[in-house]
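A short worksheet on the structure shown next.
The values are calculated or read from the model by the stated rules, or taken from the named source; none is laboratory data. Just so it is clear, the model here is predicted, and its values are computed rather than measured. FYI the Cβ positions are ideal-geometry reconstructions off the backbone, even for glycines, and counts take in every protein chain you see. All accessible areas refer to the heavy atoms of the entire protein, side chains included, with ligands and DNA or RNA removed. Shrake-Rupley method; radii C 1.70, N 1.55, O 1.52, S 1.80 Å.
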Amino acid sequence: MNKTYEPKTFEKDIYAFWQENKLFNAYNKSDKPSFTMVMPPPNITGQLHMGHALNNTLQDILARYKRMMGHETLWLPGTDHASIATEVKITEELTANGIDKKQLGREGFLVKAFEWNDKYGNRIVEQLQQLGSSCDWDRKAFTMDENCSKAVLEAFEILYNKGLIYRGERMISWCSECLTALSDAEVEHQENDGSLWYIKYPLVEDAYKYIMVATTRPETILGDTAVAVNPTDKRYKSLIGKMIALPLTNRQIPIIADDYVDAKFGTGAVKITPSHDPNDFEIGSRHSLERIEVMDNRGKMNEKAGDYSGLDRFIARKKMVEDLNSLGLLEKIETRNNNVGVCYRCKTIVEPRVSLQWFVKMTELVKPATEAVKKGDIKFSPKRFEKIYLHWLNNIKDWCISRQLWWGHRIPAYICDKCGFTVVSKEQITEGAKCIKCSNGILIQDPDVLDTWFSSALWPFSTLGWPNKTADLAKFYPGDVLVTGYDIIFFWVARMVFSGLKFMKAKPFSTVLIHGLVRDEKGQKMSKSAGNGIDPLEIIDKYGADAFRFSLTLGIATGADQRFLSEKIDSCRNFMNKIYNAGKFVLVATESLDKDFDFTLEAHSKHFSIADKWILTKLAEVQKQVSKALDKFETGQVASLLYDFTWDTFCDWYIESSKVTINGTDIQKANATRAVLAFVYRQILTLLHPFVPYITEYIYQEIPNKTTNSIMTANYNAKIKSYKKETNNYEAVIIKLVNSLRQFRANEKIPPNNHFEVLFYSHPNGEKLIKEAMPFISKLASVKGAFSTTSSLDSQKYIQIVDVFATMFIPKSAIKNDAEELERLKKEFVYAQKELILAENKLKNEGFVAKAPKALLELEQAKIEKYTALRDKILDAIGQLEVNK
RNA sequence: GGAAGCAUAGCUCAGUUGGGAGAGCGUCUGCCUUACAAGCAGAGGGUCGGGGGUUCGAGCCCCUCUGCUUCCACCA
């Protein structure tokens, strides 16, 4: 072991040691119960960010815990081809290198894309390894690898044959930057400062008469094919059926009646543009209106836009408003906030557009997916996220799965160029094959690829070999826990659930563990554009992976967002240092022992000290609490529990106590303490290991009582005998009296190197105990303890500290003056008096006495006795002091 | 327009079956006590956002108000 904690010097080696010993691998032939998690696959464009770090730290904690609890644990890692995100990045890179994507062509582009994956796809894997992730890397999957691709084709074919995938012309959201259709989930909504333009639409029969229309999107006027009013609206009843001379065009459009229109909103008259608005599309369908598309796929006005053709949609808007104004048709402009949809990748405002796309029919798939959660087959933690999930599924529309991209799984549909006959086949059909229907045309594969989330939806079983019936599937499916952020419940979780239920006839996992976001110090979301991101790799480099992991979990409530604070990572690094130094102490304390020293507790139990028995009991308690909380996935609570136990209970109390017997003359007692010290420390390392794997393994390799090759296979829940009586005694006598003496010392400003004398007097029954406790009290309070047979010591020479269990006499020579002592006693008196009154009042309360549990009543009764005695003793002491004055 | 979350010490946050509020950091005091100054010991600091209710008893359950945050949503 190094002299100081330097994580950099050992973390890499430790990780290599784990991998060499295949400690992360899962075996499908094992008869141990399985525990399975699939990693949310990071994008191949990705660099490790705080979200990944948190997500994978939580998974690693569970994986290591379950492994140590004897489960055959599979944590299956992988990467996602991230169709749209990657294509955007590669295109950017190409453009930067002066290469035109179109000229490169589809084949050439795909070559570049796979090159990208070779180059960057593993970058994030290495970063996850630095974090300490104990994944089965031999099973690493990639959404575009052979098997996942096979699964995608299989799934597509099955759904198509069941009529659950169809192709049709629908209104979809179009990104004019990425040049592809998007699903509803891929559209984000942003609040924008917008305007509402009031425009006069003149009637054909009388140009001086008009109907007023309000719109947030004037540029779509050119695509209007009607104006709609509510059929019951008296203002407009007589106009229904009449024609309007559509401004800026020479077209005439009808005034129609539709219930959709709210007479109370705006002017009560709505322009209808079926090609550029989802609602208008619906109305248009109902009324068989013509659909005129006035924009191209890049968001520019097209040839149908007359004078405006070629202009960007927002420039056209400005110009058209000007033109309307000069025609006298613009009534007014109101400013108002409106929500616009933007592409989740590039934040470009999406354009609603009618186009021919592939869809997954959702109604049938949604049912079992909602049932599974409602029945409790799948549980969210925290539970409140179930509502979000269910709400989304209840309101879901068909899922647009085709993307006008090249990087991804190409849709396995072949369409005849003459008759449009469509063949869907998971087997590749040679391009140019004759159409079997019309035998005139040839079959051409649909050029589109699938939504990247289509392959992610299959992840829990495609990674295990589906559609083949593999041993992995048999052993590890269904999985157990899925750990993910609340931001991808829709994209991913819901789709995995219905896919699993459809294709595997079984849920993909039984628990969805949701975590929050890691925000910056001010609570802002970290983002590239805001430039407030913190690089996890820099943190690992500076503090080590363990401190970093611990800071991400310590005290964090499940599902809650957290801020990343530098003070916190500091304190976690300090904690690592504490663990490290405690290890050094254990090594020094046990280095003199023979090589064949028996470290089992049984060999030494006869010689355990009161402190030994106390710490063993405390360890047993903590061990129980840890497992209980981890089974409920409460990692934040477990981390703080272990933090407190290690630092406060073990280091500050037990290690200091252990010095008494270890440095004592009784060799059997010393060795008993050494055995307990080594045992408890080893179990602390074991309990901490899932959280801070590196440091615990590193020290485990050094300690004299290790039982396994690696801490990863150490016994997490060792059997420990509890000693209730000694534990109570240690706390009631040693801790209590030491605290009193320390307070006294601090109040009297007596420096620690002044080991003043203290005489302890206890009632006869307590003599034995006080004698046993005295060496510990003396050590912990830095005093010279001695036993007194009498309670009547000269108050001229001694001041007394009274406690229920014992009275402590301190020679006055040790302190400065009586006045301060009097103050101290008076304070104590006030406190005792207060406690007494509280307890008395409680027992006077009839309701309390009648209904409170017995234990509480006894507790209050005991308090009264205790504080009455204490009060009297203090009063006595004060009296004596005042007499002396 | 729906829904959810948060409000607890100067700061950041824990507090899961309702039984006298905790941690870390910061502040103040004293210490280089032979594992650790990235440390040890001690101290100060909170009518748990406001109001009402249920209960013998509420930070925790119910109602209401205020402030902040987030998600969902096709009102021109």
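Structure values in brief
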read-out: Top-ranked residue of the stretch A:621-642 - restricted to ones that are open to solvent by 20 Å² or more (accessible area, probe 1.4 Å) and away from RNA strand B (no atom under 14 Å from the Cβ), ranked as nearest to A:GLY516 (Cα to Cα); value: A:LYS624
read-out: Filter result for the condition that a residue is more than 10 Å from RNA strand B (Cβ to nearest atom), open to solvent by less than 60 Å² (accessible area, probe 1.4 Å), at pLDDT below 95 and within 52 Å of the chain's Cα centre (by Cα), over A:ALA263, A:ALA257, A:ALA269; value: A:ALA257
read-out: Subset tally (residues that are under 13 Å from A:VAL783 (Cβ atoms) and either touching a residue at least 40 places away in the same chain (Cβ under 8 Å) or more than 14 Å from RNA strand B (Cβ to nearest atom) (or both)) for the stretch A:746-760; value: 8
read-out: Close pairs (6 angstrom Cβ cut-off, 6 or more residues apart or separate chains): of a type in the set (Gly, Ala, Ser) in the stretch A:199-227, not in a strand (DSSP E or B) anywhere; value: A:ALA214/A:GLY266; A:ALA214/A:THR267; A:GLY223/A:THR273; A:GLY223/A:SER275; A:GLY223/A:HIS276; A:GLY223/A:ILE292; A:GLY223/A:VAL294; A:ALA226/A:LEU289
read-out: Pair list, Cβ under 7 Å, 6 or more apart: the stretch A:573-585 residue in contact (Cβ under 8 Å) with a residue 24 or more places away in the chain and over 22 Å from A:ASP541 (Cβ atoms), other residue open to solvent by less than 60 Å² (accessible area, probe 1.4 Å) and within 6 Å of RNA strand B (Cβ to nearest atom); value: A:ALA582/A:CYS651; A:ALA582/A:ILE655; A:PHE585/A:ILE655
read-out: Top-ranked residue of the stretch A:432-456 - restricted to ones that are open to solvent by 20 Å² or more (accessible area, probe 1.4 Å) and touching a helix residue (DSSP H, G or I) at 6+ places or on another chain (Cβ under 9 Å), ranked as farthest from A:PHE503 (Cα to Cα); value: A:PRO447
read-out: Filter result for A:ILE429 (open to solvent by 20 Å² or more (accessible area, probe 1.4 Å) and out of contact with any Lys or Arg (no Cβ under 9 Å at 6 or more places or on another chain)); value: yes
read-out: Residue within the stretch A:166-173 that is closer than 30 Å to A:PHE281 by Cβ, exposed (fewer than 14 other Cβ atoms within 10 Å of the Cβ) and in contact (Cβ under 8 Å) with a residue 24 or more places away in the chain present; value: yes
read-out: Residue match in the stretch A:662-681 (condition: closer than 30 Å to A:SER133 by Cα, in contact (Cβ under 8 Å) with a residue 12 or more places away in the chain and within 33 Å of the chain's Cα centre (by Cα)); value: yes
read-out: For A:VAL213: the one exception among (1) surrounded by fewer than 16 Cβ atoms within 10 Å (Cβ to Cβ); (2) within 16 Å of RNA strand B (Cβ to nearest atom); (3) among the β-branched types (Val, Ile, Thr); value: (1)
read-out: Count - residues of the stretch A:359-405 that are open to solvent by 20 Å² or more (accessible area, probe 1.4 Å), under 17 Å from A:VAL512 (Cα atoms) and of a type in the set (S, T, N, Q); value: 1
read-out: Extreme residue, farthest from RNA strand B (Cβ to nearest atom), among residues of the stretch A:150-165 that are part of a helix (DSSP H, G or I) and open to solvent by 30 Å² or more (accessible area, probe 1.4 Å); value: A:LYS150
read-out: Selection within the stretch A:35-47 - crowded, with 22+ Cβ neighbours inside 10 Å and part of a strand (DSSP E or B); value: A:PHE35, A:THR36, A:MET37, A:VAL38
read-out: Residue count for the stretch A:2-26, restricted to those that are under 26 Å from the mean Cα position of the chain (by Cα) and open to solvent by 80 Å² or more (accessible area, probe 1.4 Å); value: 1
read-out: Residue ID - most open to solvent (accessible area, probe 1.4 Å), chosen from residues in the stretch A:771-790 that are touching a helix residue (DSSP H, G or I) at 6+ places or on another chain (Cβ under 7 Å) and closer than 15 Å to A:PHE805 by Cβ; value: A:GLU772
read-out: Members of the stretch A:121-141 that are touching a Gly at 6+ places or on another chain (Cβ under 6 Å) and modelled with pLDDT of 95 or more; value: A:LYS140, A:ALA141
read-out: Criterion: within 15 Å of RNA strand B (Cβ to nearest atom) and either touching a Lys or Arg at 6+ places or on another chain (Cβ under 7 Å) or on the phi > 0 side of the Ramachandran plot (or both) - qualifying residue of A:GLU835, A:GLU846, A:GLU840, A:GLU823; value: A:GLU835
read-out: Breaking point among (1) closer than 24 Å to A:GLU702 by Cα; (2) away from RNA strand B (no atom under 13 Å from the Cβ), for A:THR665; value: (1)
read-out: Spans of strands (runs of 3 or more DSSP E) in the stretch A:772-873 with at least 1 residues touching a residue at least 40 places away in the same chain (Cβ under 8 Å) and closer than 29 Å to A:LYS659 by Cα; value: A:798-802, A:806-811
read-out: The stretch A:370-381 residues that are closer than 11 Å to A:LEU482 by Cβ, paired with ones that are modelled with pLDDT of 95 or more and of a type in the set (Lys, Arg) (beta carbon under 7 Å, 6 or more apart); value: A:ILE378/A:LYS507
read-out: Selection from the stretch A:399-424 of residues that are at pLDDT 95 or above and assigned to a loop (DSSP other than H, G, I, E, B); value: A:ILE401, A:GLN404, A:LEU405, A:TRP406, A:TRP407, A:GLY408, A:HIS409, A:ILE411, A:PRO412
read-out: Of all residues in the stretch A:226-254 being open to solvent by 10 Å² or more (accessible area, probe 1.4 Å) and within 28 Å of A:LYS300 (Cβ to Cβ), the one that is farthest from RNA strand B (Cβ to nearest atom); value: A:ASN250
read-out: In the stretch A:272-294, the residues that are more than 16 Å from RNA strand B (Cβ to nearest atom) and touching a residue at least 40 places away in the same chain (Cβ under 8 Å); value: A:GLU290, A:ARG291, A:ILE292, A:GLU293
read-out: Yes/no for A:LYS768 being at negative phi, more than 52 Å from the chain's Cα centre (by Cα) and not in a loop (DSSP other than H, G, I, E, B); value: yes
read-out: Unique match (being surrounded by 19 or more Cβ atoms within 10 Å (Cβ to Cβ) and either without any contact (Cβ under 8 Å) to a residue 40 or more places away in the chain or in a helix (DSSP H, G or I) (or both)) among A:ALA474, A:ALA506, A:ALA494; value: A:ALA494
read-out: Given (1) away from RNA strand B (no atom under 12 Å from the Cβ); (2) part of a helix (DSSP H, G or I), number of the condition A:TYR716 does not satisfy; value: (2)
read-out: Test: residue in the stretch A:325-338 that is under 27 Å from A:ASP184 (Cα atoms) and open to solvent by less than 70 Å² (accessible area, probe 1.4 Å); value: yes
